[in-house]
1. Kindly provide the set of residues from region 11-31 that are out of contact with any helix residue (DSSP H, G or I) (no Cβ under 8 Å at 6 or more places or on another chain), assigned to a loop (DSSP other than H, G, I, E, B) and modelled with pLDDT under 90, ordered by number.
2. When you scan region 39-67, how many residues do you find that are out of contact with any helix residue (DSSP H, G or I) (no Cβ under 9 Å at 6 or more places or on another chain) and either in a strand (DSSP E or B) or at positive phi (or both)?
3. So if I check each of 48, 8, which one is modelled with pLDDT of 90 or more and loosely packed, with under 10 Cβ neighbours inside 10 Å?
């Protein structure tokens, strides 16, 4: 009986993933681009945008913490700039 053996490629995991991702993108390019182009509405400001821009857009809605340059609980402080 003739049994076929499987030989694993001699490439590192990251190289294999890079090749696999490029082949996957080439094969499914239109489907992936259509998914990224679909229009959604922001849940915060009701603005319409492509799905590919949504995560970047949401970063602008997050409140930034105030910058704390100098904080004192009590007492007198004299600031001098020499």
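The values are calculated or read from the model by the stated rules, or taken from the named source; none is laboratory data. Computed from a prediction, not measured in an experiment: that's the story for all the values here. Every residue, glycine among them, receives a Cβ derived from its backbone with ideal geometry; neighbour counts consider all protein chains shown.
1. 12
2. Total meeting the criteria: 3.
3. Going through 48, 8 in turn, just one is modelled with pLDDT of 90 or more and loosely packed, with under 10 Cβ neighbours inside 10 Å: 48.
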